[in-house]
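The values are calculated or read from the model by the stated rules, or taken from the named source; none is laboratory data. These figures come from a predicted structure and were not determined experimentally. Note that we place each Cβ from the backbone using ideal geometry, even for glycine, and neighbour counts take in every protein chain shown.
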Amino acid sequence: MNASGPGYPLASLYVGDLHPDVAEALLYEKFSPAGPIMSIRVCRDIVTRRSLGYAYINFQQPADAERALDTMNFEVIKGRPIRIMWSQRDPALRKSGVGNVFIKNLDDSIDNKALYDTFSAFGNILSCKVVCDEHGSRGYGFVHFETQEAATRAIQTMNGMLLNDRKVYVGQFKSRKERESEYGAKAMEFTNVYIKNFGEDMDDERLREIFSQFGRTLSVKVMIDEKGRSKGFGFVNFENHEDAQKAVAEMNGKEINGRVVYAGRAQKRIERQCELKRKFDQLKQERFSRYQGVNLYVKNLDDGIDDEKLRKEFSPYGTITSAKVMTEGGHSKGFGFVCFSSPEEATKAVTEMNGRIVSTKPLYVALAQRKEERKAILTNQYMQRLASIRAIPAPPLLGSYQQPSGYFMPAVPQPPSRAAFYSSSPVAPIRPTPRWTSHPPPARPPSKLLFSYCRKQNLTIKHQ
């Protein structure tokens, strides 16, 4: 493998799947036998400073980096096999999909090294990974080859082959957007129909009898519980898409056993979740757009304020469509919302009510914002405040002088600690150096005030 090829011009390695306790010193100890190292950086979370599980190692010579890659890949450090590949700073190569192969239906015993050893016969591998979770392998992985020709050879040779007695699928990697686009086109030609809400009085044979009038069925299944009773939903798989489409059109909304049933295209769980999320986000956006500029957020509410009192306090400023104090366990959470019929009324309420004391507490009133908007505003304010603090130079101290790089402050002598005078060590304690090492300072002459005091007390002053 040549480290001077496109995509990895420097002698820089990516080291992944690291144990959280692996730091730069340990990596230096492991990798320095391969050759002189310029720098090592373990990537960490900017807030918690915890390791993100990967690092970058920069060698002085590409040959040393290549030696480390060939000899140390998948070596176990702190109980985890590490994964090494050339550092690809340009994300376009990773995201393009060129030379990237997707493998699924892998046996649980197939790990990164086994996958690497299996596919390395087809060409140089840039990266290789079996996707895992806390329970182990998830049964699929990726191999990124240096060239598309090597990826094509791997697909043609390995697709449908047995790996540890399991037939694997090997194909060209496709991005999520491409998969969703293809799946959406295929979904329109469905053959599997999902039926629900037909109650407990239903079995496979009766469901087959009801739906067989629309065409030839390949399988019919009523889902049952542990006691063998119908769960109220099932599936009918037709041979042709047209028959399935006809069944949906005829049976959706029809009564069976006195119940209005639903019939529609069967969806995968992830597809249903994505569709529900899209609908929820759309409804939330529509609701927020409808109340944009008229919904107020009110906080610092007294515990005794309920919905009616909140409405009464804001009613002088316009027509209120809703007023709600947020509660938890029957107790106020200290904030709520007031919605007006027009933006002008809401603006007037903000101007008049913000800071006004209601039941011993000053209210905070502002236009309601989405959580994402509030988070973005707070983050921006924090970053601006942090930047302004960093921009303010430290004030010059007495006895300091300014250099081009900043301020220089001389060391301030500290008083010796008590341990310097009272030590339990057999060594003689270190005593502070006296300020006058040769002769004591000359005695100061007595002041006139002292003479006057001594005369009154019949005292005599003697000079030493």
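For THR327, indicate whether it is closer than 23 Å to LYS284 by Cβ and at pLDDT 90 or above.
Numbers: closer than 23 Å to LYS284 by Cβ: yes; at pLDDT 90 or above: yes.
Criteria met by THR327.
Scan segment 332-350 and give yes if some residue there is under 30 Å from GLN245 (Cα atoms), surrounded by 14 or more Cβ atoms within 10 Å (Cβ to Cβ) and aliphatic (A, V, I, L, M), otherwise no.
Filtering segment 332-350 down to residues under 30 Å from GLN245 (Cα atoms) leaves none.
No, there is no match, as no residue in segment 332-350 is under 30 Å from GLN245 (Cα atoms), surrounded by 14 or more Cβ atoms within 10 Å (Cβ to Cβ) and aliphatic (A, V, I, L, M).
May I ask you to verify whether ARG269 is of a type outside the set (Asp, Glu), modelled with pLDDT of 85 or more and under 38 Å from the mean Cα position of the chain (by Cα)? Even if it seems obvious, please write down each step before you answer.
Values: of a type outside the set (Asp, Glu): yes; modelled with pLDDT of 85 or more: no; under 38 Å from the mean Cα position of the chain (by Cα): yes.
When the stated conditions are applied, ARG269 does not pass them.
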Using beta carbons and a limit of 6 Å, which pairs, at least six apart or on different chains, have the first residue in segment 313-324 and free of Cβ contacts under 8 Å to residues at least 40 places away in the same chain and the second one surrounded by fewer than 20 Cβ atoms within 10 Å (Cβ to Cβ) and of a type in the set (Ser, Thr, Tyr)?
THR319/SER341; THR321/SER341
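Would you mind listing the strands (runs of 3 or more DSSP E) fully within segment 334-418 where at least 2 residues are within 19 Å of LEU296 (Cβ to Cβ) and at pLDDT 85 or above? Steps first, please.
Values: elements: 364-367, 401-403, 406-408.
Because the criterion is at least 2 residues that are within 19 Å of LEU296 (Cβ to Cβ) and at pLDDT 85 or above, the strands (runs of 3 or more DSSP E) in segment 334-418 that meet it are 364-367.
Collect the residues in segment 317-338 that are touching a helix residue (DSSP H, G or I) at 6+ places or on another chain (Cβ under 8 Å) and of a type outside the set (S, T, N, Q), keeping them in residue-number order.
Within segment 317-338, the subset touching a helix residue (DSSP H, G or I) at 6+ places or on another chain (Cβ under 8 Å) is 317-320, 323-325, 336, 338.
Of everything in segment 317-338, those that are touching a helix residue (DSSP H, G or I) at 6+ places or on another chain (Cβ under 8 Å) and of a type outside the set (S, T, N, Q) turn out to be TYR317, GLY318, ILE320, ALA323, LYS324, VAL325, GLY336, VAL338.
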Could you list all residues from segment 258-267 that are more than 16 Å from PHE190 (Cα to Cα) and surrounded by 13 or more Cβ atoms within 10 Å (Cβ to Cβ)?
ARG259, VAL261, TYR262
If I ask for residues that are within 19 Å of PHE74 (Cβ to Cβ), small (Gly, Ala, Ser) and in contact with a Lys or Arg (Cβ under 8 Å, 6 or more places away or on another chain), which ones from segment 110-154 would you list?
GLY123, SER127, GLY141
Filtering segment 116-144 down to residues that are in contact with a helix residue (DSSP H, G or I) (Cβ under 6 Å, 6 or more places away or on another chain) and small (Gly, Ala, Ser), which residue is modelled with the lowest pLDDT?
GLY123
Filter result for the condition that a residue is of a type outside the set (D, E, K, R), in contact with a Cys (Cβ under 8 Å, 6 or more places away or on another chain) and free of Cβ contacts under 8 Å to residues at least 40 places away in the same chain, over GLY215, GLY141, GLY123, GLY136
GLY141
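Residues are listed down the side, and each one gets a yes or a no for (1) free of Cβ contacts under 8 Å to residues at least 12 places away in the same chain; (2) under 20 Å from ILE57 (Cα atoms); (3) surrounded by fewer than 16 Cβ atoms within 10 Å (Cβ to Cβ):
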position: ASP70; (1), (2), (3): no, yes, yes
position: PHE102; (1), (2), (3): no, no, no
position: VAL131; (1), (2), (3): yes, no, yes
position: THR157; (1), (2), (3): no, no, yes
position: TYR169; (1), (2), (3): no, no, yes
Examine segment 268-284 for a residue that is out of contact with any strand residue (DSSP E or B) (no Cβ under 9 Å at 6 or more places or on another chain) and surrounded by 14 or more Cβ atoms within 10 Å (Cβ to Cβ), and state whether such a residue exists.
yes
Tally time: how many residues in segment 210-230 are in a strand (DSSP E or B) and polar (S, T, N, Q)?
3
